[in-house]
Structures are given as structure tokens and as C-alpha cells.
Amino acid sequence: MKRVIMSGDEAIARGAWEAGVTVAAAYPGTPSTEILENISLYKNEIYCQWANNEKVAAEIAIGASIGGSRALCAFKHVGMNVAADPIFTVGYTGVNGGLVFVSADDPGCHSSQNEQDNRLYAPHAKLLCLEPSDSQECKDFTVAAFELSERFDIPVLIRMTTRVCHSKTLVELGEREGAAVKKYESRPSKYAMLPAFARLRHVAVEQSLLDAEEYAYSSPLNRIEMGDRSVGIITSGICYQHAREAFGDSASYLKLSITHPVSGKLVKEFCAQVDKVYIIEEGEPYLENAVRALGIDCLGKEVITKQGELDAQIVRRAFGIGDEPEIYEVGIQAPARPPVLCAGCPHRGFYLAMKKYRDRIVPLGDIGCYSLGVNPPFNGFDTCICMGSGFSMTIGMAKALEMQGDKRKVFGILGDSTFFHSGITSLIDAIHAKANVCLCLLDNSITAMTGHQQNAGTGVDLMGNEAPQIDAVKLVLAAGLDEANLRVVDPIDLKAIGAAIADAIEANGTFVIVTKRPCALLKEVIRANAGAHCVVDPDKCVGCKSCMKVACPSLAFENKKAYIADVANCNACGLCQQMCKFNAITKVGGK
Amino acid sequence: MTTSILLTGVGGQGTILTTKILSEGLVSLGYDVKMSEIHGMSQRGGTVNTQLKFGDKVYAPNIGRGEADIIVAFEKVEALRALPYLRKGGKIVMDEREIYSMPVLIGQQEYPHEADKVLKETVKDVVIVPASKIAEELGSVRSQNICLLGALIAALNLEGVDWEKLVASSVPPKTIDVNVAAFKAGYKAVKPN
Ligand SMILES: Cc1ncc(C[n+]2csc(CCOP(=O)(O)OP(=O)(O)O)c2C)c(N)n1
Ligand code: SF4
Ligand code: SF4
Ligand code: SF4
């Protein structure tokens, strides 16, 4: 059998392929993005698509499942909030072809705005929940999930965490079972959830869950490993690895892989064999509550934090085993290294130009590369809640400011992918509500933050095919924006963008600024700028530091002179050049 | 017995490719290998850590404080930042390259140029490999990561794998020569004979 090292995300994709999946959809989101990217490697056998948002992705998968295909939909944890509406009701209808949702949670907020624990969705939406602890399980559980989904007529949630998604471990590969597409039959009483039918389906799904719990008792996916019986540990997912690492054979383990429904019978049997019970889990006391509900006393969140990611050491410390490791200490500190906008990033020009007007604006941000503009020296916005909110919140904020006589103009800032995700509905509302705000769409022709995925505006789809390119500017006008209140500008042109911002501040009614310039890291952009970079003439440079306000990582200042420290990454965007009144900066090289 | 290696650098320096080549070699030696590469926002010029553990059986993929046997640092202050992860008696393999972060560039924070000296005084086993300089002389600073891989392989005493062949099959075809040369130079920097 071939063993290869792969990430959890790659293994989910492999498992989907082996399970005979024929339709997959997602909206990107770290750490889940690589699942669909890897599924696209099987594009001859699996139709796959980046949807505009997670709700659409879930509905594509639901349609495929009811139609008879095995279908998968993946999202990051917060994406499940967006997709929750259809998911809660497909929990009632059940499936035709197996239906699997993969949620990639992010304890530790490595790349997210919160640490929500999506296991809690499983009982709430009436899904089966599987939690893999390494890449082998990611693959095997994906195959199992499709079987269980069809067997119990329930959608399955595979709940991953960043450490499982992005760790690479050994996997024994299997073969594709073959795409078993089931025949579609019209069954409104099962799939059309009007009240009368929904009430009946609610009864059916409760029975299915009881059947699944019975199955979970003897399922080979759940595992008991007996060691010393003084401590019995109940755990799931990556925390199994941390528990094993910390306790070794000095404890016994109930490794739950099916964490909804939890088999009460299995838990009771295990607990009867050990002196005391510890629950080791990240995030919420999910397993702990299930164990306590059985009337079993246990130790869990009382000693283990709900915050962040666990590791073996946190586990050891929590339960008072082993010594604190000795570490080296030194008297100096490393300066912070926050992520920054790349050299030549188009977003930088927008924030730089906005700085001049900052005290006349209340800018509300959103999620994307442009979120990095929140940091000094730009201090580019005040809020960032969720995708799309950068536009919608302006409506409420403008009202609140008006009522307190605050004359500042409210700006909303978001990117092209975020616009198609949910910014568009917010924009329609702003126009419809005649909101006196400025909405800024920073269009860099890609979904950059998550690693450069195509979106509705880029003209290419996930499978690499040409696709119709949706024109955001036309959409804005079609929504009824007064054309006099629209500016489409190049964000690297400081004068143009400054003028657009000044106009927006003075304007009445909804104003829209669209900045257009592709992300500096796109292959075509890199190719077009190959060899081009800027140079600072030290004889002309007077050391005024004006160019340093650009905060470009390629530009440095030493011995009273500016210089291009990282020539390889400078793409001659020319922002620094526009800032220099002494003509000390020039572009060289390139075509 | 497991060995824990923490590789640390700045987004874009190629720590992930280095770890990938290393893990492939270790798999071919029959070890259980787990590697963790948390990437997200850090692509954008932030600190990037990848962690690799190997042995007969590995459970947790991540390395806690005081647990790394070796730290491989692609940048000077990143070695300093990763220090709490080194176990007492562990080793540091590092480049002395300095990459200024935004707070340094805009004058908010100072760059501690003396970090390598401080590390040498504190941790006995510090091997400084001028990998970026070597790579630059060989033709491309981008081979810095492969040069450090050579140094790490030498430091780990990992025989039984044709590492140069593995490097050649993992890098873009046009860069094979410079990368193999960088690997050799890195190896030699630690094991001169
Ligand atoms: C509901 C939800 N889904 C996905 C994400 C992950 N995510 C963060 S930013 C982003 C894309 C932003 O793309 P765009 O708006 O085009 O901005 P860019 O990064 O290109 O500047 C995504 C998908 C999220 N934070 N929330
Ligand atoms: S990836 Fe593109 S959009 Fe994101 S910071 Fe870099 S240049 Fe800007
Ligand atoms: S703006 Fe011009 S003169 Fe001023 S520091 Fe920069 S390069 Fe020198
Ligand atoms: S031209 Fe100036 S601002 Fe643009 S990437 Fe180069 S150094 Fe940075």
C-alpha cells in the first residue's frame, strides 16, 4: 500500500475522491481552502466550484445530494455561520446521495476573527459529527462519512481544526469506489420543507439520530485504548494526540471520533473501568457537557482553558503532571513582525491617500488583505466584524453619528471577493436607504488573502476554465447608484484617489469608489514587472523620510538616506516615487 | 524517541519547501513524520514557523515551549523569537541575515543587531551559516533555504538518503544547479569534511 505524507486538507480531498464524490463546492477560508484546491486536481471526475459565499456553496452541494450525487461542501468555521440557514433545514430533509460538510475551525485564531467551536452546530442542526485527529483519519473518515450519511439519511459534519488541516502526516491511499450516482426521484414530502412536511421530517430525523447513536456504540471509528486505569481520558480530534503525548500509557483513553451523537452507553462503559475521568478538548466544554449529562463527574474546563490552541504542555500543566520544561532566557527582545501589505500592493495606495483625510472620515473595514491597513502607519479603519459588514455597518453608523452631530463621513471598505460574497446585498441596501456614506470597493482582481483564488470577477473558474466575468462596476450602477457619485480609479495614483475621497466627503447620498489594480503577487503582474524596480539616488535624497510614509517593506532608511532594501520584491509601483519631492527615486529595468 | 525541529523565518523565505524536502527524506528512511505548517496571514511578511517531528511513533504534530531539539532560523531575530521553544541543551542553526519588519522600518522599534552574539553566549550550540550570502554568491538569494537545509542535514547526521537528488526533484527545473550547489555549501559549512 502506498504511504504518502499529506496535509489534513489534502487527505479530505483524497477521501472525497475515493468515496466517489462527483460534486464539491466551497468559498475559500483559511484553513479550509486547500480542500477544494486539491479536489480540483480530480476535476475530470469531480465537478468543483468556488461559490460566491458559503451559503451558496452549501446549497450547490445540497442540490447535488438530493439529485443523487455524493457531494461535499467545505468552509472555515465562520463560513458555517453564513451557510447555517440551509444546513439547519437539510438536517430535516436528510440526503439522497451522501452529503458532507467540512468545517475547519481555528482555535488560536491563527487567521480568523474568532475561535468558535463548530461541534456545537452538530446537535443544533441535527448532523452527525466526525472529528479526525490526523491526515489518515481525515481520508478514512471522509469515506466513512459518505457511507454514514446515506445509511442514516443525515448530512455529516467533519469538524477539523487548523492543526489537523495544516499538519502533514502519513496516509495509506485507497482507490476510488466509483461514482455511484443515485437516481433522482421527486419526493416533496421529504425535500419540500413546508410546515406540514417539516413537522413529520423532524420526527424522522430524531429517530435517525437515535439509530446513529446505537451505531456509534459499536462503531470502529470510536476507540478505547486501555492503559493505567487510575485516569480515563475522553477526547477527540487533535486533542487525542496532545493527551497521548502528555499522558502516554499512564492513562486509558476513549477516543471519540463520532462526537455527535455521542454514544452514552460507550461513555458509561468506559468510565466504569477507570477511577477518575478527564475530558481533554479545545474550545467549548462540548464533550464535557455530554458526559456530565450522563451523570458522570469529570474534570475538564475547570482546569483546561477554553481559549486558544492546546498542546501537550498545556495539558500537562492543567492536570499537574510532569515538570515545567526549562527554557533559555535572554535580556533582549525580538521586534514585532506583524504581517504587512506586500511591496507593490495596490491596497497601499488607497490607505496612503486616505491618511490625509483620516480625521474627516470614520472608515469601517472588512476581511481581506486590505485588513492589514488597520495597523500603523495607516490606521486605515476602526471596525472589522465579518465579511460584508464593511458596507452594511456604514448605514447604521452614519445614522448614529448624525444623531450626535458628528459630521464625519462614514466610509466602508472591502475587496472584490468580499463584494461578491455579501457586500453586494449591503450595497443595494445602502443605495435603497439613500445612506449618506461612501462605499469603497478595492478590486485587486483576485481573492488574495486566502492564497489567490478565482472569484466571480476574475474570468476563470476553479477548474481552470474560462468563465463569464461579472463586472462589479456595472452591478453597482444597475443597483441604481447615481453615476455622478461613482469614481473608478487606480489606487496607485495618489492624486486621483485623493480627489475621489475628497469628492466623496463632500457628496450627498451614497457614493462609491472602485479602485482597480491587480494584486502584486499575481503571476501575470509579476511577469509584466519582471526586472523592474525603483532606485534611490543618494545624491538627490535629502533624507526627508516622506517616502517612508508609504510603509513599503522593500523600502528602508539608513544613514539619513532612503534606499530600496529588497530589490527583488520592489515591483516599481511608484508610490514612493510620488511621495518624493526631490526626484530622488526613479524606476529602472523591466520592459 | 522523537526529534523535534522548529524552522522559523519570514514569509517568502521558503521554510515550507525546506520542511517538505526534509520530511520526504525522513519518510523514505522509514520514520513516522509529522509536520505542521500554520500559514495564514503570515504569508504577508510575518513570521512563519514550521514544525517537524520524527521518530518511531509521533503523536502531537506541534512543538511546545522548551521542546525543540533544533531551531533552524532563516533570519536573525526570528532565532531570538523562537528561543523559548528550544530545550535546554538544544541546538540552533541560523543565518545572520537581517530582514527589517515594519515596526523597525518605520522607526517604532529597534532591531537588535547583536542577537546572534547574545544567542551564542546563552545557548552553547549555535551554528551560524551565512546561507543568504552563500546563496547570493551562487546566483540567487532564494536558495538560502536549501543552503540551510544542507546545514541542518549535516547537523542531524542524517545519512542514507540521496538528499541532493531529493532537492533536485523538489525545486523548479531552472534552479536545480544553484540549489544543489547551495545544499552542498550548507552541508560543508557544518561538516567541512
Ligand atoms: C464568512 C467568511 N468566509 C471566508 C473568510 C475567509 N476570508 C478572509 S478574507 C477573504 C477573501 C478576501 O478577498 P477580497 O475581498 O477579494 O480581498 P483581498 O484579500 O483580495 O484583498 C476570505 C475568503 C472569512 N473570514 N469569513
Ligand atoms: S497578496 Fe496581493 S493584495 Fe494581498 S497584500 Fe500582497 S499584493 Fe496586496
Ligand atoms: S522622499 Fe526622497 S528625499 Fe525624502 S527620504 Fe525619500 S528618497 Fe530621500
Ligand atoms: S516602488 Fe517604492 S513603494 Fe513601490 S514596491 Fe518599490 S519600493 Fe515599494
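Annotation: extensible slack from A:GLU324 through A:THR425 equals 31.1 nm (criterion: 0.36 nm per residue apart, minus Cα-Cα distance). In this structure the amide hydrogen of A:LEU299, modeled in the peptide plane, comes within under 5 Å of the amide hydrogens of A:VAL277, A:TYR278, A:ILE279, none closer than 5 places in sequence on its chain. In plain terms, the chain from A:ILE224 to A:VAL4 could stretch by 76.5 nm, reckoned as 0.36 nm per residue minus the Cα-Cα distance. Computed from point charges on the beta carbon alone (+1 for Lys and Arg, -1 for Asp and Glu), the dipole magnitude for the range A:223-319 about its Cα centre is near 180 Debye. Potential lengthening of the chain between A:ASN583 and A:GLU524 amounts to 18.3 nm, from the contour at 0.36 nm per residue minus the alpha-carbon distance. Give me the aspartates and glutamates in straight-line cross-link reach of A:LYS561: C-alpha distance below 14 Å, same-chain residues under 8 apart excluded. Here the aspartates and glutamates satisfying the reach criterion relative to A:LYS561 are A:ASP537, A:ASP539. For the residue pairs A:LYS255/B:LYS53; B:LYS34/B:LYS133; A:LYS76/A:LYS301; B:LYS34/B:LYS184; B:LYS88/B:LYS133; A:LYS355/A:LYS545, the C-alpha atoms sit more than 28 angstrom apart in B:LYS34/B:LYS133; B:LYS88/B:LYS133. If you take all other residues with their beta carbon under 13 Å from the beta carbon of A:CYS271, and give Lys and Arg +1 and Asp and Glu -1, the sum is +1.
If you take the Cα centroid of the range A:412-458 and the Cα centroid of the range A:258-289, the two points sit 44 Å apart.
The label point for B:ASN193 and the one for A:HIS202, both projected 7 Å from the Cα toward the Cβ, are 8.2 nm apart. Histogrammed with a bin width of 5 Å, the alpha carbon distances of the range A:474-591 distribute as 2, 10, 17, 17, 15, 12, 11, 8, 5, 2, 0 percent, first bin at zero.
Between A:HIS432 and A:VAL567, the simple label model (points 7 Å from Cα in the Cβ direction) yields a spacing of 5.6 nm. When Rg and the Kirkwood radius Rh are both evaluated on Cα atoms of the protein assembly as shown, their ratio Rg/Rh stands at 0.98. Candidate cross-link partners of B:LYS188 among the aspartates and glutamates, defined by an alpha-carbon separation under 14 Å and a same-chain spacing of 8 or more, comprise B:GLU164. For the range A:223-319, how big is the tail of P(r) above 15 Å, as a whole percent of Cα pairs? It works out to 54 percent of all Cα pairs.
Listing A:CYS519, A:CYS386, A:CYS48 from fewest to most neighbouring C-beta atoms within 10 Å gives A:CYS386, A:CYS519, A:CYS48. Taking only the alpha carbons of the range A:236-387, we obtain Rg and Dmax values of 23.5, 69 Å in that order.
Each of B:TYR100, A:TYR351, A:TYR27 was scored by other Cβ atoms within 10 Å of its Cβ. Listed from fewest to most, they are B:TYR100, A:TYR351, A:TYR27. The 3J(HN,Hα) values that the Karplus relation (6.51, -1.76, 1.60; θ = phi - 60°) gives for the range A:418-424 are, in residue order, 5, 4, 5, 4, 7, x, 5 Hz. Gly and Pro appear as x.
Averaging 1/r across all pairs of distinct Cα atoms in the range A:1-135 and inverting the result yields a Kirkwood radius of 14.8 Å.
Please list log₁₀ I(q)/I(0) at q = 0.09, 0.10, 0.11 Å⁻¹ for the range A:346-525, using the Debye equation with identical point scatterers on the alpha-carbon positions. For the range A:346-525, the Cα-only Debye profile gives -0.28, -0.34, -0.42. Only helices enter the 222 nm calculation for the protein assembly as shown: every DSSP H run of n ≥ 4 contributes -39,500 (n - 2.57), and dividing by all residues gives -10500 deg cm²/dmol, rounded to 500. The label point for A:LEU486 and the one for B:LYS88, both projected 7 Å from the Cα toward the Cβ, are 6.9 nm apart. Per-residue shielding of B:105-112, expressed as the average number of other chain Cβ atoms within 10 Å of the residue Cβ, stands at 5. With no solvent and one point on each alpha carbon, what is the Debye value of log10 I(q)/I(0) for chain B at q = 0.11, 0.18, 0.19 Å⁻¹? With no solvent term, the Cα-only Debye profile gives -0.45, -1.28, -1.42. Computed about its Cα centre, the charge dipole of the range A:529-588 is approximately 220 debye, with only Lys, Arg, Asp and Glu carrying charge at their Cβ. Sequentially through the range A:561-568, phi angles give Karplus couplings (6.51, -1.76, 1.60; θ = phi - 60°) of 9, 7, 7, 7, 7, 10, 4, 4 Hz, Gly and Pro residues having no value and appearing as x. Within straight-line reach of A:LYS190, meaning a Cα separation under 25 Å, sit the following lysines at least 8 residues removed in sequence or on another chain: A:LYS55, A:LYS126, A:LYS182. Rounded to 0.05, the FRET efficiency of the A:VAL303 and A:ARG358 pair, given R0 = 60 Å and the Cβ-Cβ distance, is 0.85.
Among A:LEU475, B:LEU52, the ranking by other beta carbons within 10 Å of each residue's beta carbon, starting with the fewest, stands as A:LEU475, B:LEU52.
Restricting attention to chain A, close to 25% of DSSP beta bridges with both partner residues there are antiparallel. Near A:TYR184: Cβ cut-off under 14 Å, other residues only, Lys/Arg at +1 and Asp/Glu at -1. The net charge is +4. The HN-Hα couplings worked out from phi for the range A:338-351 by the Karplus form 6.51 cos²θ - 1.76 cosθ + 1.60 (θ = phi - 60°) are x, x, 9, 4, 4, 4, x, 5, x, 5, 4, x, 4, 5 Hz, whole numbers, x standing for Gly and Pro. Other residues whose C-beta falls under 9 angstrom from the C-beta of A:ALA83 contribute a net charge of -2, scoring Lys and Arg +1 and Asp and Glu -1. Between the amide H of B:VAL171 and any residue lying 5 or more places away or on another chain, no distance stays under 5 Å, with hydrogens modeled in the peptide plane. For A:TYR27, the residues whose modelled amide H falls within less than 5 Å of its own, excluding neighbours fewer than 5 places apart on the same chain, are A:ALA51, A:ALA74. Of the GluC sites (Glu not before Pro) found in the range B:83-113, those in coil by DSSP whose Cβ has at most 11 other Cβ atoms within 10 Å are B:GLU110. Taking Cα atoms only, the orientation of helix A:238-247 departs from the longest principal axis of chain A by about 70 degrees.
A short reminder: the numbers here are calculations on the coordinates, not readings from a lab. Keep in mind the model is a prediction, meaning the values are calculated, not measured. Every residue, glycine among them, receives a Cβ derived from its backbone with ideal geometry; neighbour counts consider all protein chains shown.
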